[in-house]
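The values are calculated or read from the model by the stated rules, or taken from the named source; none is laboratory data. Note that this is a predicted model, so its numbers are computed, not measured. Cβ coordinates were reconstructed from backbone atoms using ideal geometry, including for glycine residues, and neighbour counts include every protein chain displayed.
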Amino acid sequence: MTPDKASRFNDLIAAGEAGVRIAFGWLDEGLEFERTTQAFVGSLFLIRGARNLNAVQILCKAGYAVEAQTMLRTMVEDVVTLSYISTKPEKLAEAWLTFENPRLAQSLELLAKANGHDIADTVERPRFARWTRLSLFQMAEKADRVTPGIAEYLDFVYPVLSDRAHGNTSSSPSYARTYADGTIEALYKPSPAQADITLCNAITVVLTTAERARALGVSLDLSALEQAERAVYAACGLMEGPPPVSDRG
């Protein structure tokens, strides 16, 4: 890595760490929110977002941005879900919070497996169930009115992130480089590659999650995280950065 690239990478990591400190600062102080189901659900997604941002930051700093993108995929799924919940906060927050997946193992069955006991083959396994009948993309389409642009954003980033998560063929250039003579170079060592785009997306997703959580009744001042987001974008060479939160609708 050239000195210039190393300097920009360090600036990027420092800006990302600042964003994590801000998000964790909200949690250190203790979240205040309206005593409603939707505000509680918003706080849960906010906590998940803060934890995931920290995990992405750690992986990017260690040189594993490609692996961090599998976590970024989860963050994108979360912000789409929370945005969809925001379209009908009372009804959908209740539906999300009270949903129980019938495919999850019951505690006694789990204990029996742990102790090496056989489970009767006659036990009928329930079919897969979701808390909503909508796909992620259908949720994004409905959520676009409360989080403008989220459907287009999902169309753009989700296929790429899914390639990383599933190890599809199109993600192979991240793991190997081929040469004209037929040799293959294994790309397994830590690298700063893709740390910039990964952190830019991660902090924007967390900021959008926080904006949705605030709309659902969580008390938050987003100005400091907005500044951190702009610093991350500047470190990526995008000096203007994304629009201020107040302009996002």
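Worth a mention:
- Residue that is surrounded by the fewest Cβ atoms within 10 Å (Cβ to Cβ), among those in segment 127-146 that are in contact (Cβ under 8 Å) with a residue 12 or more places away in the chain and assigned to a helix (DSSP H, G or I): Phe137
- Contact map, segment 226-249: first residue β-branched (Val, Ile, Thr), second residue part of a loop (DSSP other than H, G, I, E, B) and modelled with pLDDT of 55 or more, Cβ cut-off under 7 Å, separation 6 or more or different chains; pairs are Val245/Leu222.
- Filtering segment 202-221 to residues that are touching a Leu at 6+ places or on another chain (Cβ under 7 Å) and outside any helix (DSSP H, G or I) leaves only Val218.
- Positions within segment 19-49 being among the basic types (Lys, Arg) and either buried (at least 21 other Cβ atoms within 10 Å of the Cβ) or under 23 Å from Lys61 (Cα atoms) (or both), in sequence order: Arg21, Arg48
- When Arg230 is tested against (1) outside any loop (DSSP other than H, G, I, E, B); (2) more than 11 Å from Gly19 (Cβ to Cβ); (3) at pLDDT below 95, exactly one condition is not met: (2).
- Residue check, Arg8 in contact with a Ser or Thr (Cβ under 7 Å, 6 or more places away or on another chain) and touching a residue at least 24 places away in the same chain (Cβ under 8 Å): no
- Boolean, Ser246 is modelled with pLDDT under 95, farther than 26 Å from Ala39 by Cβ and assigned to a helix (DSSP H, G or I): no
- Condition met for Leu161 (modelled with pLDDT under 95, within 23 Å of Val56 (Cβ to Cβ) and surrounded by 14 or more Cβ atoms within 10 Å (Cβ to Cβ)): yes
- Residue match in segment 178-188 (condition: of a type outside the set (Lys, Arg), surrounded by 12 or more Cβ atoms within 10 Å (Cβ to Cβ) and not in a loop (DSSP other than H, G, I, E, B)): no
- Set side by side, the residues Leu154, Leu108 differ, and just one is loosely packed, with under 11 Cβ neighbours inside 10 Å and either modelled with pLDDT of 95 or more or in a helix (DSSP H, G or I) (or both), which is Leu108.
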